Amino acid sequence: MGKSVPQDLGQLDIRKSVVGLAMGAGAIYLLYKAIKTGIKCQPPLCSTSPICIARECPGPGERALSQEAPAFEASSVGGPKGLAIERERHGRDSGELRRLLNSLECKQDEYTKSMILHSITRCVYLLEAEASACTTDDIMLVGSMLDDKDNSVKIQALNTLKAFSGIRKFRLKIQEHSIKVLELISTIWDSELHIASLRLLNNLPLPDFAHPQLRRVMPALMEILQSNYILAQVQAIRLLSSLAQKNDLLYDILNCQVHSNFLNLFQATQPGSLLFEVLLFAERLSEGRNTPHYRAVKWHYNEKSLHEALFGDESRLADRLLALVIHPEEEVQIQACKVIVSLQCPQDMQVRPSFCQASHSYFNGE
């Protein structure tokens with residue numbers, strides 16, 4: 001018994017030494033990882049890379065200003081450092097947007113072109129003065145990217161055109177590309193491309209010369225609306241709602257063929273954002289078909305048309321609308337009520353609701 005205690009103490013010292021060595025090795029390894037990560041996170045040397053976004057390029061051998069740098073250093077007058085957006089705020093042109101546009105004119109691979117266009121888009125939003133100083137030739141250059149064989153380049157070009165469409169003087173020039181954008185929607189089935197295309201179109205007043213192409217694209221818009229991609233559906237229904245207010249396009253929309261389950265778009269389980277847009281679309285269609293101008297003509301509809309799905313004798317739209325009156329979202333409730341009113345009241349009577357009579361096809365129970 002007396003000899004076992006020192007032996008136990010010796011073994012305990014050995015264990016402590018082993019544990020200490022292990023902990024030391026672990027600490028050294030963690031320190032190595034931290035240093036390695038820190039080196040990787042250093043800002044890259046400035047170059048003509050399209051990744052450089054809204055950042056002024058410093059002189060050769062100097063590193064780009066890190067994001068953690070204080071604002072006064074970024075905006076110091078005459079210094080080589082500084083964010084482009086800070087320099088514009090002080091009335092100085094960074095030249096970043098112009099450099100990107102110039103690089104887009106050079107022969108580039110698809111990935112580089114996509115990144116350059118993405119950078120241009122961000123610069124247009126961030127550098128208002130530099131964006132406004134661009135020319136219609138720059139718009140044409142970006143628009144030419146819609147003919148690129150790579151869809152990612154097309155998508156980025158659409159996003160860039162949308163950014164430029166926020167500047168009034170470029171809108172007419174961007175409108176010239178509307179035919180091409182509509183063609184992309186109808187010929188390429190790509191949800192991201194559809195979203196980018198529709199966002200651009202929804203941000204522009206569509207010219208009358210695009211109406212013939214719009215008629216040809218109507219089936220594709222209806223297919224997108226009945227897809228299961230919410231973002232694309234919302235953009236498609238917004239465009240259709242806008243077109244429903246055009247007298248010469250209303251019949252083309254109403255006579256467009258839809259799936260037999262089209263009214264599923266009015267189910268309470270749909271996202272509120274989509275439901276609201278679908279109800280607004282239905283209200284505009286209802287109001288449009290009740291105008292004296294439209295009612296003056298006897299129209300004939302396909303039995304699988306949107307008109308028959310919404311307003312035909314066999315339509316179950318009334319049931320869907322009544323269910324949405326108690327929807328959890330207030331704006332959906334209100335819009336459902338507006339559709340009900342538009343269905344019950346002719347357009348020329350809606351200003352005097354007391355004179356509205358229940359429609360025999362919908363809400364009188366007959």
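The values are calculated or read from the model by the stated rules, or taken from the named source; none is laboratory data. Remember, predicted model here, so these are calculated numbers, not experimental data. Here the Cβ positions follow ideal geometry from the backbone for every residue, glycine too, while neighbour counts run over all protein chains shown. Protein only, heavy atoms only, side chains kept; ligands, DNA and RNA dropped before computing areas. Shrake-Rupley method; radii C 1.70, N 1.55, O 1.52, S 1.80 Å.
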Completion exercise
Of 324, 280, the only residue that is open to solvent by 20 Å² or more (accessible area, probe 1.4 Å), aliphatic (A, V, I, L, M) and within 29 Å of the chain's Cα centre (by Cα) is 280
Exercise for the section: Test residue 249 against the stated conditions and say whether it is more than 18 Å from the chain's Cα centre (by Cα) and either of a type in the set (Ser, Thr, Tyr) or surrounded by 16 or more Cβ atoms within 10 Å (Cβ to Cβ) (or both). Expected result: yes
Fill in the blank from the handout: Note: among 242, 227, just one is within 22 Å of the chain's Cα centre (by Cα), open to solvent by less than 80 Å² (accessible area, probe 1.4 Å) and at pLDDT below 95, namely 227
Problem - Unique residue being under 22 Å from residue 217 (Cβ atoms) and surrounded by 15 or more Cβ atoms within 10 Å (Cβ to Cβ) when the list is 96, 192 - result: 192
Fill in the blank from the handout: residue 260 vs (1) under 28 Å from residue 299 (Cα atoms); (2) assigned to a helix (DSSP H, G or I): all pass except (2)
Problem - Conditions (1) under 24 Å from residue 231 (Cα atoms); (2) touching a strand residue (DSSP E or B) at 6+ places or on another chain (Cβ under 9 Å); number of the one not met by residue 333 - result: (2)
Exercise for the section: Tell me, please, whether a residue that is open to solvent by 60 Å² or more (accessible area, probe 1.4 Å), under 18 Å from residue 200 (Cα atoms) and either over 23 Å from the mean Cα position of the chain (by Cα) or among the aliphatic types (A, V, I, L, M) (or both) can be found in the stretch 131-144. Expected result: yes
Practice task
Give me a count of the residues in the stretch 157-189 that are exposed (fewer than 15 other Cβ atoms within 10 Å of the Cβ) and within 15 Å of the chain's Cα centre (by Cα).
Solution key: 1
Practice task
Any chance you could count how many residues in the stretch 160-172 are under 18 Å from residue 117 (Cα atoms) and assigned to a helix (DSSP H, G or I)?
Solution key: 6
